[in-house]
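Reading through the C-alpha cells given below for one structure.
The values are calculated or read from the model by the stated rules, or taken from the named source; none is laboratory data. The shown structure was predicted, so the numbers you read here are calculated from the model rather than taken from an experiment. Don't worry about glycine lacking a Cβ; one is built from the backbone with ideal geometry, like all the others, and counts go over all protein chains shown.
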Amino acid sequence: MNAKQVEGKRLFVLDTNILMHDPSSLFRFKEHDIYLPMIVLEELDNNKKGNSEVARNARQSSRFLDDLLSNASSEAIEQGLSLNIQNIDLNHAEAGTGRLFFQTKHFKHELPDSLPGDKADNNILGTALALNTEYPDTTITLVSKDINLRIKASIVGLHAEDYTNDQVLDDVNLLHTGSKAIDDDFWDNHGKEMDSWMESGRSFYRINGPEVKSWYTNEFVYHENDGFEAIVRKIEDDDATIETVRDFRNESNSIWGINARNREQNLALNLLMDPEIDFVSLLGMAGTGKTLLSLAAGLEQTLDQKRYREIIMTRVTIPVGEDIGFLPGTEEEKMTPWMGALMDNLEVLTEPSEGGDWGRAATNDLVSQRIKIRSVNFMRGRTFLNRYVIIDEAQNLTSKQLKTLVTRAGPGTKIVCLGNIAQIDTPYLSETTSGLTYVVDRFKNWSHSGHVTLIRGERSRLADYASDIL
C-alpha cells in the first residue's frame, strides 16, 4: 500500500470493495496491520455468486481468509493472524508482515443521526470511528475505493485513503509513449563509430552514445525535420541496433486499402505488420485510427498473407448510458451492440473499388467468416492458436482481467490492445490503475512487444474541432 506519510503505528480498516477489486490486497500493506469489520464478510458472502469478476474476487478473498483461519485458535484470532504467508501468488510482490484482525465484538456506532447505521458503508464507518476512540495512540485509516465513503470519513474526522497498490505510475504523463524524437545534434554525438548495412531492402545502423541507455527494444526514434524514422531492434550495453521503418503513407504500401495519415499511424502499422511482435498496445483518443489500423492489418495478414487463421475481437461490455437490458441470441449476437466500432470500420475496409453491391456483399461474406466476436466473460480456460486477437476498450479492464486475456495466447497468436485511458467507464479504475496502463508499462522491456501512442485525430475536421473546444 503506497500510503501517505503518517507518523506512528497504523491500523487499516478495509472496505469490501477493496477485497472485491483485489483479493490479494490482504497481503499488500507491508508491515501494517489490517482490520476487517464483520459487515465486510457479510458483503463478500452476498457477492460471491455469479461469473463476474467481482464474484470471482469475492470468492478468492473468502478462500484467502479461510487459509488464514485454518487451524487458528480463538486466542490467535483475537491477537491477530500473521499475514506473512509465502505460498500466496502476489504477482511478484512481497507478502505483508503485519497482522489481520477481525471484528470480534460489537461496537456502539458513533455516527451522526443523518447517517443511518444499517447501511453497510455507514456500518464500516462507525466501526472505524469506534476503533479510533478505543485506540487513541494508533492512526486508524479507512481504505476504500468509494469516493463518497472517503468524503464522509473525512467529514466526521476519520483518516481515509484510496487503495493505490495497483497504481502503475504516480503520474500518467510518465507512461511510455513508444516513440522518441532525436535532437539535431544526435548524429554528431552517436555517429562517430556507427556501422550501417542493408538487409532485405532495409537500412540498419549500430550506434553508440549516451541516449541509447534510455531507449527500449522496439521503441521508435525519429527526427522531425528530415523524416528519419527507425525502430530499436536490439540494445546491448551502450550499443543499439536500429532499423528504418516501412513507410505505409506511400500508396504502394497500403494495407487492405488503408494508408497511414501521420507519423504515429505509420509506426503503429509497422508494429501491427511485424511477425516478430506478439503483443501490440495502441493508446489514443477517439478518431486516431486505433481500430481501423488494427483491423486492416489483421485482414491483410489473415486473408492475404495467411499468417493467422482468423481475427477475434472482444471488449468489455460497459454501457455509457442506460443499460439496454437482456439481449437474446448467441454469444456473437449478444456482443453485436457493443461492436459498433468494428462495424463502422468494416464498412470502410470492405468498400470495393469495383463490383458495386455484388462486390460489397461478396467481400462482407468473406470477411465475416474470418472475424469472430467474443465476450470477455467467456475467455477463461481458452487457448487461441494462430489467431489475431483485438482487445478493444482495454482501458476499462483491470490488470488482472487483462492478464487473463493476454495469457490465452497460444503459439502463433498476436494480441492487440486498444484504448483511451482518458475515457474510463469502469468504477474504481483510473488512468494510473487501468489494466491498459499496466500492460503498456510492463511490456515496454520485452523484445516481442511494441507500443505507440496515437496523437492526431483523423476522422474529420468537425471531430477534430469538437475534440479541441468541447
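If only residues of segment 192-210 that are among the basic types (K, R) and part of a strand (DSSP E or B) are counted, the one that is nearest to A181 (Cα to Cα) is R206.
Scan segment 187-221 for residues that are at pLDDT 85 or above and of a type in the set (F, W, Y) and jot them down. Result: W197, F204, Y205, W215, Y216, F220. Where the second residue is in a loop (DSSP other than H, G, I, E, B) and of a type in the set (K, R) and the first is closer than 25 Å to A409 by Cα and lies in segment 446-460, which pairs have Cβ atoms under 8 Å and are six or more apart or on separate chains? Here the result reads H451/K444, each pair linking segment 446-460 to a residue that is in a loop (DSSP other than H, G, I, E, B) and of a type in the set (K, R). Name the residue that is modelled with the lowest pLDDT, counting only residues in segment 123-143 that are in contact with a Lys or Arg (Cβ under 8 Å, 6 or more places away or on another chain), of a type in the set (S, T, N, Q) and surrounded by 16 or more Cβ atoms within 10 Å (Cβ to Cβ). For segment 123-143, the residue satisfying everything is T139. Looking at segment 211-258, the strands (runs of 3 or more DSSP E) lying wholly inside it that each contain 1 or more residues that are of a type in the set (G, A, S) sit at 229-236, 239-244. Residues in segment 133-157 that are within 17 Å of D33 (Cβ to Cβ) and of a type in the set (A, V, I, L, M): I140, L142, V143. If only residues of segment 144-161 that are outside any helix (DSSP H, G or I) and not small (G, A, S) are counted, the one that is modelled with the lowest pLDDT is V156. Residues in segment 125-143 that are more than 30 Å from the chain's Cα centre (by Cα) and either assigned to a loop (DSSP other than H, G, I, E, B) or within 16 Å of T16 (Cα to Cα) (or both): L125, G126, T127, A128, Y135, P136, D137, T138.
Taking the conditions (1) under 14 Å from V13 (Cα atoms); (2) modelled with pLDDT of 90 or more in turn, A181 satisfies each one other than (1). Scanning segment 385-428 for residues that are under 17 Å from I373 (Cα atoms) and in a loop (DSSP other than H, G, I, E, B) yields L385, N386, E393, R408, T413. Could you check, for segment 286-293, whether at least one of its residues is outside the structural domain of A394 (by TED's automatic domain parsing), surrounded by 23 or more Cβ atoms within 10 Å (Cβ to Cβ), out of contact with any Pro (no Cβ under 8 Å at 6 or more places or on another chain) and outside any loop (DSSP other than H, G, I, E, B)? No, segment 286-293 contains no residue that is outside the structural domain of A394 (by TED's automatic domain parsing), surrounded by 23 or more Cβ atoms within 10 Å (Cβ to Cβ), out of contact with any Pro (no Cβ under 8 Å at 6 or more places or on another chain) and outside any loop (DSSP other than H, G, I, E, B). State which residue is farthest from L272 (Cα to Cα) when the search covers only segment 425-457 and only residues that are hydroxyl-bearing (S, T, Y) and surrounded by 21 or more Cβ atoms within 10 Å (Cβ to Cβ). That would be T433. Just need a number here: residues in segment 1-29 that are charged (D, E, K, R) and modelled with pLDDT under 65. Number satisfying all stated conditions: 2. Going through (1) modelled with pLDDT of 90 or more; (2) in contact with a Gly (Cβ under 7 Å, 6 or more places away or on another chain); (3) over 25 Å from K30 (Cβ atoms); (4) charged (D, E, K, R) one by one, R99 falls short only on (3). Once segment 437-459 is narrowed to residues that are in contact with a Ser or Thr (Cβ under 7 Å, 6 or more places away or on another chain) and assigned to a helix (DSSP H, G or I), the residue that is farthest from Q167 (Cα to Cα) is F443.
Kindly evaluate V168 against the criterion of being in contact with a helix residue (DSSP H, G or I) (Cβ under 6 Å, 6 or more places away or on another chain) and either touching a residue at least 40 places away in the same chain (Cβ under 8 Å) or exposed (fewer than 14 other Cβ atoms within 10 Å of the Cβ) (or both). Criteria met by V168. S353 meets each of the listed conditions (1) over 24 Å from I455 (Cα atoms); (2) at pLDDT 70 or above apart from (2). Among the residues of segment 295-335, count how many are at pLDDT 55 or above, in a loop (DSSP other than H, G, I, E, B) and β-branched (V, I, T). Going through segment 295-335 one residue at a time, the tally reaches 3. Here the condition is being at pLDDT 90 or above, of a type in the set (G, A, S) and more than 20 Å from the chain's Cα centre (by Cα); of G435, G457, G419, G412, it holds for G412 alone.
Please find, within segment 228-253, the residue that is modelled with the highest pLDDT out of those that are touching a helix residue (DSSP H, G or I) at 6+ places or on another chain (Cβ under 9 Å), surrounded by fewer than 17 Cβ atoms within 10 Å (Cβ to Cβ) and not basic (K, R). So, considering only residues that are touching a helix residue (DSSP H, G or I) at 6+ places or on another chain (Cβ under 9 Å), surrounded by fewer than 17 Cβ atoms within 10 Å (Cβ to Cβ) and not basic (K, R), the one modelled with the highest pLDDT is D247.
Among the residues of segment 23-53, those identified as surrounded by fewer than 14 Cβ atoms within 10 Å (Cβ to Cβ) and of a type outside the set (S, T, N, Q) are E31, E42, D45, K49, G50.
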